[in-house]
Amino acid sequence: MRAVWAGSSARFETMIITQRKDMTWIVAQLGARMHYAVPRILHAAGVLEHFFTDICAVKGWLRLLRLIHPALCPAGVARLLGRVPEGVPPSRTTAFTNLGLEYTRRLRAAKLPCEVTAVFLWNDSKFCRRVNALPWGNARGVFTFNNAALEILQMARARGLKAVMEQTIAPREVERRLLHEQQALHPGWQEPPRTDGLLAQYCERQYAEWKMADLIICGSDFVRDGIRECHGPMEKCLVVPYGVDLRTPKDEGENHNVEGIPDQLELFQPSSPSALRADRSGRRLHVLTVGTIGLRKGAPAVYDAAKILQGRAQFRWVGGIDLLPEAAQRMRVHVDLMGSVPRAEVDAHFDWADVFLLPSLCEGSATVTYEALSRGLPVICTPNTGSVVRDSIDGFIVPVDDAIAIVERLELLVADTDRIERMSESARRRACEFTVAVYSQRLLKALAGILCAE
């Protein structure tokens with residue numbers, strides 16, 4: 001999912017002036033989550049002291065590979081070269097490239113669940129210690145992300161700095177429980193989970209991070225409720241929903257050379273209704289799902305709904321397949337499985353769709369639902385998707401693993417195409433409340449609020 005700048009700089013000034021200029025932040029982030037939204041927001045607000053990450057294509061020897069023409073780069077190298085935090089100066093960025101490459105090598109070699117978890121624990125701790133070994137300048141606070149935060153938070157507290165951590169998904173313990181329940185309900189869909197002897201250690205690290213943090217930012221109520229289920233410190237949690245790009249497809253690109261926040265908000269405007277949606281009479285309802293095809297995304301519920309609605313709705317799923325061969329073959333009878341496609345091709349699938357369906361078991365706050373809303377698609381999802389969908393307004397909220405509830409909502413849309421148009425317009429308006437610019441305001445307000453504790 002792209003996270004690029006959109007919005008009014010005038011609106012942004014209101015939030016920037018609430019930031020104390022002597023309150024600068026260190027951001028420590030593994031990977032390119034939301035295309036480096038947090039360090040970019042803080043730099044645009046003038047309060048980023050330094051950004052630490054693993055693989056970054058503007059630092060070290062990796063930047064030299066950017067001189068190679070993209071057409072000549074292998075796919076893996078091209079993905080690495082896409083790691084560019086546009087808008088964050090290289091002088092304020094430190095990348096541990098070799099650590100990132102060693103992590104990738106170890107992860108590929110890991111076979112058993114405990115081996116994979118061991119790689120996670122090694123990488124998380126190693127990254128934190130690398131960050132702690134370098135100067136933090138005049139930073140007054142740190143912004144970290146779950147499981148790659150503990151030692152940094154400990155150092156921050158020891159130095160009297162503010163310690164913030166974002167919990168990007170429901171706690172691992174909750175995710176594991178939900179997946180085990182689905183495995184028991186739907187045998188033969190995926191390989192049964194193997195015992196992970198390091199899972200307790202992994203969870204303990206997460207609990208220790210919650211204890212060290214002054215503020216835990218959650219993308220949704222579902223994430224916050226997951227922390228409560230694990231007896232975590234609810235009083236430290238603050239829900240800050242995300243935001244996505246609403247710019248037109250002609251402006252889209254894997255990386256945007258944008259400094260700060262542009263002045264104009266350019267809403268995504270496919271033909272409304274698009275040429276493919278213009279005449280629904282005489283054809284089936286088009287139902288789209290995007291994401292890895294497996295139990296976590298609710299594959300059995302999608303399959304059952306498609307089977308019941310055959311002849312009245314056409315189901316399409318874009319994403320890699322994480323099913324046993326027999327389950328995948330069974331699903332293909334009623335759902336068009338498109339497999340993984342280049343990001344640029346996903347737009348065509350959104351244009352094809354009348355409604356978006358994501359009955360997930362466990363997410364943080366699935367940004368694909370934000371994007372579907374911005375494309376004018378009513379969204380059917382579960383509470384566990386962590387979406388910002390309002391039930392019966394922008395779409396429908398259905399229980400987890402409830403194909404009948406999905407069918408009932410889709411039948412409402414099949415019977416009333418005017419309702420689709422009303423929900424579509426509502427979805428567009430709802431998406432305007434969750435742009436990257438609005439997310440920036442919410443995040444800066446949350447960080448400004450932590451100063452009140454001083």
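No value in this document is a laboratory result; all are computed from the given coordinates. Quantities reported herein were computed from a predicted structural model and do not represent experimental measurements. Cβ: placed from backbone, ideal geometry, glycine included. Neighbour counts: every protein chain shown.
Model label points for R390 and S340, set 7 angstrom from Cα along the Cα-to-Cβ axis, are 3.8 nm apart. Using only alpha-carbon positions in the stretch 357-454, the gyration tensor eigenvalues give semi-axes of 30, 16, 9 Å once each is multiplied by 5 and square-rooted (largest first). Here the extension length gained between A133 and Q183 equals 13.7 nm, from 0.36 nm per residue of separation less the Cα-Cα distance. Applying 1/(1 + (r/R0)^6) with R0 = 45 Å to the Cβ-Cβ distance of L238 and A328 gives a FRET efficiency near 0.65. In order along the stretch 433-440, phi translates into HN-Hα couplings of 7, 9, 7, 5, 5, 5, 4, 4 Hz, rounded to whole numbers, per the Karplus curve 6.51 cos²θ - 1.76 cosθ + 1.60 with θ = phi - 60° and x for Gly and Pro. Pairs of Cα atoms nearer than 8 Å and 6+ residues apart set the relative contact order; for the stretch 295-386 it is 29 percent. Against the empirical 2.2 N^0.38 Å (N residues), the stretch 283-323 has a Cα radius of gyration ratio of 1.14. With a simple spin-label model that places each label point 7 Å from the Cα along the Cα-to-Cβ direction, the separation between R284 and L199 comes to 3.7 nm.
Peptides 183-195, 394-406, 369-381, 42-54 ranked from most to least packed give 369-381, 42-54, 394-406, 183-195, packing being the mean of other C-beta atoms within 10 angstrom over each peptide's residues. Applying a threshold of 22 Å to the alpha-carbon distances of K126/K445; K162/K236; K126/K297 flags K126/K445; K126/K297 as lying beyond it.
Compared with the direct C-alpha span, the chain from D416 to W352 gains 21.2 nm at full extension, assuming 0.36 nm per residue. Projected label points at D402 and E191, each 7 Å from Cα along the beta carbon direction, are separated by 3.3 nanometres.
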